[in-house]
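A short reminder: the numbers here are calculations on the coordinates, not readings from a lab. Since the model is a prediction, treat every value here as computed from it, not as a measurement. All Cβ positions, even for glycine, are placed from backbone atoms using ideal geometry, and neighbour counts span all protein chains on display.
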């Protein structure tokens, strides 16, 4: 397989995953805005969505306020926004197009069709009345492509690079969401389980599609430790940091098996995975959640870079 | 440019309105169909093409980043007898093209014999000095050729153009057939049509047969593309996919230990045969355009030392140049010792004073083309031009007569297309695809029929709004 094509499927999957996660975040922002009366706190909520996805700086250069429609249109479809959801879908598609000979027709057609459908839906400004429908559509299209990958691709190197892309992106996204909201989870003596806090935690869980899963596992108990435990260390939850690292590790083993040898990236991954598994919730709060996440993000970047270098993504 | 259809040869209808034998089976089927259902199928076809992503990019057209070539669902039909006759003419022409290239880059007997003027090479950018004295592996220059044919009567086929560099459009031949078989499967059970679907397999075989001596037991074939923004990217990816070959870009390749190698996830792996869809001038920054990022530094050295087969060979462009075209009847005769079976369209070389005088006198009736132009750009269609356009073109022509050739306005044959009002005749041409290897010449029964979608128009180029059709060769 060409190194450039490995890079292509890796990024195709990353962009799709990122588009989906941004749609989830927008969904949560929208939900909160609906349940809040005050304009000021609504704006704060939208701003925090921009901060989470790292677009607040560019946004505030262009706009002065944070009205909902202005923010979600910027994130979804603004032509000046190089990281808009539309642009990510377009990037996913152009990567898929460049690696057409490595992916199945089903995967290409699903990606191409997603692009066409979303381009049509995002060709006009999005209103509050159809935002929900569009966000559902983004999630559904990303799911369709993932399904096509799952159902039609050989379990070979191409599949492994695609999955590694998905889970590196997902690990990164879950960590960022946690980071922006970490103050909500800081144990506080003043904490009495007020309504506001509960709503914030709920938001956090919803943005990673983990609200129901969390409730199943924790029988209605809502506290910062359990939530952090769930998002970082739960091995069953498909968006937790541990889960993502386990997946990356197993897909990397697939590569080693096929190529008959491990690379430096495997060693880095093994170390990072082992450290994460040994981490307890107490360790996290001892280091500080924010610091823990910063360390995790740079570790994830390091893994991604090592894979790109070892498998010759670029010259 | 407009023409009066009644004066043209209609490939479906005889002069008395009867159906010609080629179309008998098809018309019988067509007349049984519900017109509303046909309209629905027609609309479906476009959606199908968009979904699978057969689009092309048009140069200089930023808004329409990816356009679709219109597809017309009425097949263009050729009988087995007509096809046999055509293939003999095509094979003769392709053999002559290869012999001509071999000669031109070696002893130049044809020039010594006075059958071709020296200047035609000397002043031609398509002639590559780097190829002089070198014979490509297997002695083949043009591995893949597309011969553009037009028809003016029941037995009258003429060659309009030879495409000996990197002919494109073969993916449309294959996808058009695929689409037709999806839309109207019963047609193919009723009418015996020669299959075209094994073209990619034949192409792969033909390329492997042309591998250099140093090649692996099963030669490694790769398709070189300029990348996803190239207008024919879909076709490059399609062919690589169908052949099971890697689709590579210049940045994937590098010369390692005297071989051209591609960067795989586990290291550099040698390529034996490179089917390149990149023009000569971008192929090797060391030999040609220094700032080219599409090519591979040093590939020409590897090539000349026998380390790789490049298909088509660099420098084949000299054989399909429009200035050379006008000499093709002589070229065919010189190398085969036979009269050409397929005639040329009569052509005036404006570089010759007598011809220039004639062209200037008759500009309003002629088609004038740039010698090095392609894709229908920069040409004058006399009958369709205003007096102002004619006089402007006349100035250009007088300033650089050697840059132009002229041809009569042909009364091209028509084939029906599907319109909201039913079948309507439109002008067509035909590009059959020819494969050449040391083991022989192979012509796929069918080809790409391009059709002018507008009534009366003679311009079939996709860059100028032309469409395509499935092209059928009937089995005996």
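Structure above, values below:
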quantity	calculated
Residues B:233, B:358, B:275, B:335 arranged by fewest to most Cβ contacts within 10 Å	B:358, B:335, B:233, B:275
Order of A:88, B:12, B:121 - criterion: other Cβ atoms within 10 Å of each residue's Cβ, fewest first	B:121, B:12, A:88
Residue A:301 versus residue B:197: modelled label distance in nm, points set 7 Å from Cα along the beta carbon direction	5.1
FRET efficiency estimate (nearest 0.05) - Cβ-Cβ, residue B:388 to residue B:362, R0 25 angstrom	0.85
Cα centroid separation, region B:105-130 to region A:256-272 (Å)	58
Length-normalised contact order of region A:192-315 in % [C-alpha pairs under 8 Å, at least 6 apart]	17
Point-to-point label distance, residue B:333-residue B:178, nm (Cα→Cβ direction, 7 Å offset)	4.5
Net lengthening on full extension, residue A:41/residue A:62 (0.36 nm per residue, minus Cα-Cα)	5.5 nm
Efficiency of FRET from Cβ geometry, residue B:257 and residue B:218, R₀ 25 Å, rounded to 0.05	0.80
Most fluctuating residue given options A:112, A:218, A:173, as computed from a GNM of chain A linking Cα atoms under 10 Å	A:218
Ranked A:277, A:266, criterion: other C-beta atoms within 10 Å, fewest first	A:277, A:266
FRET efficiency, residue B:135 to residue A:90 (Cβ-Cβ, R0 45 Å, nearest 0.05)	0.45
GNM flexibility winner over chain A from A:34, A:76, A:178 (Cα, springs under 10 Å)	A:34
Cα shape, chain A, gyration tensor, a/c 1.5 rule	oblate
Shielding by partners - mean other protein chain Cβ count within 10 Å, residues of A:93-102	5
Cα gyration tensor shape for region A:42-103, rounded if a/c is under 1.5, else prolate or oblate	prolate
Label point distance in nm, residue B:84-residue B:119, each placed 7 Å from Cα along Cα→Cβ	4.6
Inter-chain shielding of A:1-10 (mean C-beta neighbours from other protein chains, 10 Å cut-off)	4
Gaussian network model of chain A, springs between alpha carbon atoms under 10 Å - residue of A:182, A:259, A:15 with greatest fluctuation	A:259
Length added when fully stretched, residue B:305-residue B:107, from 0.36 nm per residue minus Cα-Cα	69.2 nm
Kirkwood hydrodynamic radius over Cα pairs of the protein assembly as shown, then Stokes diffusion coefficient at 10 °C and 1.306 mPa s, in µm²/s	53
Cα-based radius of gyration of chain B once divided by 2.2 N^0.38 Å, which approximates compact folds	0.99
Rounded to 5, percent antiparallel among DSSP beta bridges of the protein assembly as shown	75
Rel. contact order, % - alpha carbon contacts under 8 angstrom, at least six apart, chain A	24
